[in-house]
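Data first, discussion second: the structure below is written as structure tokens.
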Amino acid sequence: PPDVDGDGLVDGVDECPDAAEDVDGDRDSDGCPDVASSVTFINNSTYTIYYLHMSPTTQDSWGPDRLGDEVLSSYGDSFHIPSVTCNNYDIRMVDEDDDECIIQDFRICSEVTFNFRNEHLLGCQGYR
């Protein structure tokens, strides 16, 4: 059977017979290259975020601090992370009081914006 794009999936099964699959652990059986995703975090809380970690929900350890030397200041500051593999992520944020907030199973595919407010951060601390 023919495999025009040479990705190992025959054209009758390959959903994108003219574009090779990029084998990266994300929907590798459909025969299509994955579209790069990105996420923008917007801090609409009164707290400054000093650390921001992301890891796929299937991993047991956190990725590196995405903010590096930056902080995500309160009242509308934003931070953009380009070229994120489409996946479900756990997100860890740590604020100025060293309070930790973990958002579990957050889907990032295509262009995603995550606006967080005091309710999100206080909810992580058990306040409502």
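Taking the Cα centre of the chain as the origin and placing charges on Cβ (Lys, Arg +1; Asp, Glu -1), which of 120, 63, 103 is farthest toward the positive end of the dipole? Value computed over the given set: 120. Placing a label point 7 Å from the Cα of residue 50 along the Cα-to-Cβ line, the residues of segment 73-90 whose backbone N sits under 15 Å from it are 73-74. Mean residue ellipticity, 222 nm, helices only, the chain: the sum of -39500 (n - 2.57) across DSSP H runs of n ≥ 4, divided by residue count and rounded to 500, is -1500 deg cm²/dmol. Where [x] 19.4; [y] 15.5; [z] 16.4 are the candidate values, the label of the one calculated here for Kirkwood radius over Cα pairs in Å is [z]. Counting heavy atoms of the protein chains alone, residue 7 has an accessible area of about 40 Å² for a 1.4 Å probe.
Provide the per residue accessible area, probe 1.4 Å, for the chain, rounded to a whole number of square angstrom. Each step should come with its number before you reach the end.
Numbers: 7360 Å² over 128 residues.
Dividing the accessible area of the chain by its residue count gives 58 Å².
Comparing Cα centroids, segment 88-106 and segment 1-53 end up 24 angstrom apart. The 1.4 Å probe gives accessible areas that order 71, 94, 23, largest first, as 23, 71, 94. Residues whose amide H comes within less than 5 Å of that of residue 55, counting only those at least five positions distant or on another chain, are 63, 90 (H built at 1.01 Å from N in the peptide plane). What FRET efficiency comes out for residue 10 versus residue 115 if R0 is 30 angstrom and r is the Cβ-Cβ distance? Round to the nearest 0.05. Efficiency for this residue pair is about 0.10. Counting only Cα atoms, I'd like the Rg/Rh figure for segment 64-118, Kirkwood definition for Rh. Here Rg/Rh amounts to 0.93.
To the nearest 20 Debye, how big is the dipole of the chain about its Cα centre, given +1 on the beta carbon of each Lys and Arg and -1 on that of each Asp and Glu?
Details: 6 positive and 29 negative charges, 158 e Å.
Using only the charged Cβ atoms, the result is roughly 760 debye.
The values are calculated or read from the model by the stated rules, or taken from the named source; none is laboratory data. Since we're looking at a predicted model, the values are computed, not measured. For neighbour counting, all protein chains shown are included, and Cβ atoms are generated from backbone atoms with ideal geometry for every residue, glycine included. These accessible areas exclude ligands, DNA and RNA; they are computed on the full protein's heavy atoms, side chains included. Shrake-Rupley method; radii C 1.70, N 1.55, O 1.52, S 1.80 Å.
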